[in-house]
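Take a look at the structure set out below.
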Amino acid sequence: MSVLRPDYDSDPDRWRSWESPQDVHHLVAPELRGPVLDVACGEGRLASLLGPGVRWVGVDNSPAQLADNPHRPVTRADMRRLPFASDSFAEVTHLWCLYHLDDPASAIREAHRVLRPGGRYYACCAARDNDPEIVPEGHEPSTFDAEDAVSIVESVFDDVTARHWDQKFFPLSTREEVRAYCRHNYIPSERADRASLPLWLTKRGVLVRAIKH
Ligand SMILES: C[S@@+](CC[C@H](N)C(=O)[O-])C[C@H]1O[C@@H](n2cnc3c(N)ncnc32)[C@H](O)[C@@H]1O
């Protein structure tokens, strides 16, 4: 099981190379009332979908990601040590980030601490058998994959539900798009050259929701 080492400052173009036309942000954003703490907020994809009345605070440890983020306030911090008081947020999100940690439960415990009683928690990740059309052998196991995400969140929260997806959502129509997709997702570029177009990938993953009682 490996940690996906963050490269957002050493190779910012890897993350910028592609953006999903449909993402979990679209499921989560309408449920948020605020104040919401968007942990590992990146360049603000979730914040860009929130209504003006929703109080949002972003945290990330990457200067490059925060420089690309037009939303405020943001704080540079590690998600394992959040510089916020206990019981202060109505929602905390961990979207596409926990696989960057050796011990994702440490960050989930911090999320639980800063949530108010009754507050709602969200985390998401892909499955190891995501993208089978282009990664038939499966992705290398990480520390936070859909296969284990629910039990890891359950090690911190009592009230946990999961929404899994296993579906083709959108095509990659051009060779350039497939190359960009591969670069963004750490997939060897030769796979893009061999793929037939349009490429419909089966997306597999999970959105985990939890409540702090
Ligand atoms: C795949 S991006 C996801 C960004 C955003 N949540 C989204 O869904 O668009 C992962 C983010 O996690 C951040 N990150 C990685 N390790 C971190 C850590 N230990 N503490 C805080 N942020 C971290 C990275 O800088 C990056 O912005």
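Among (1) in contact (Cβ under 8 Å) with a residue 40 or more places away in the chain; (2) touching an Asp or Glu at 6+ places or on another chain (Cβ under 7 Å); (3) closer than 20 Å to residue 118 by Cβ, there is one condition residue 64 misses while meeting the rest; what is its number?
Only one criterion is unmet by residue 64, namely (3).
Which condition breaks for residue 8 when tested against (1) among the hydroxyl-bearing types (Ser, Thr, Tyr); (2) loosely packed, with under 15 Cβ neighbours inside 10 Å; (3) within 11 Å of the ligand (Cβ to nearest atom)?
Just one mismatch for residue 8, condition (2).
Do you know which of the residues in region 68-84 that are over 10 Å from residue 110 (Cα atoms) and either of a type in the set (D, E, K, R) or touching a residue at least 40 places away in the same chain (Cβ under 8 Å) (or both) is farthest from the ligand (Cβ to nearest atom)?
Checking each candidate, the answer is 72.
Is it the case that residue 129 is surrounded by 15 or more Cβ atoms within 10 Å (Cβ to Cβ) and either hydroxyl-bearing (Ser, Thr, Tyr) or more than 16 Å from the chain's Cα centre (by Cα) (or both)? Talk me through it step by step, then tell me what you get.
Values: surrounded by 15 or more Cβ atoms within 10 Å (Cβ to Cβ): yes; either hydroxyl-bearing (Ser, Thr, Tyr) or more than 16 Å from the chain's Cα centre (by Cα) (or both): yes.
For residue 129, the condition - surrounded by 15 or more Cβ atoms within 10 Å (Cβ to Cβ) and either hydroxyl-bearing (Ser, Thr, Tyr) or more than 16 Å from the chain's Cα centre (by Cα) (or both) - is met.
Are there any pairs with C-beta distances below 8 angstrom linking a residue in region 1-18 that is in a loop (DSSP other than H, G, I, E, B) to a residue that is among the aromatic types (Phe, Trp, Tyr), with the two at least 6 apart or on different chains, and if so which?
Partner pairs satisfying both residue conditions: 3/99; 4/99; 4/186; 7/15; 8/15; 18/181.
Please list, ordered by first then second residue, the pairs with beta carbon atoms under 6 Å, 6 or more apart or interchain, first in region 188-213 and β-branched (Val, Ile, Thr), second in a helix (DSSP H, G or I).
206/146; 206/149; 208/149; 208/150; 208/153
Could you please find all residues in region 19-37 being among the hydrophobic types (A, V, I, L, M, F, W, C) and outside any loop (DSSP other than H, G, I, E, B)? Even if it seems obvious, please write down each step before you answer.
Of all residues in region 19-37, those among the hydrophobic types (A, V, I, L, M, F, W, C) come to 24, 27-29, 32, 36-37.
27, 28, 29, 36, 37, listed by residue number.
Which one of 206, 153, 178 is among the β-branched types (Val, Ile, Thr) and over 20 Å from the mean Cα position of the chain (by Cα)? Walk me through it before giving the result.
Values: 206 fails: over 20 Å from the mean Cα position of the chain (by Cα); 153 fails: over 20 Å from the mean Cα position of the chain (by Cα).
Just one listed residue meets the conditions, 178.
Which residues, taken from region 126-170, are touching a residue at least 40 places away in the same chain (Cβ under 8 Å), part of a loop (DSSP other than H, G, I, E, B) and closer than 20 Å to residue 1 by Cα?
127, 129, 130, 131, 132, 135, 140, 141, 143, 144, 145, 155, listed by residue number.
How many of the residues in region 19-59 are touching a residue at least 24 places away in the same chain (Cβ under 8 Å), of a type in the set (Asp, Glu), under 15 Å from residue 123 (Cα atoms) and within 10 Å of the ligand (Cβ to nearest atom)?
1
Read-outs throughout are calculated quantities, based only on the coordinates presented, and are distinct from any laboratory measurement. Being a predicted model, the structure only gives us computed values, none of them experimental. Don't worry about glycine lacking a Cβ; one is built from the backbone with ideal geometry, like all the others, and counts go over all protein chains shown.
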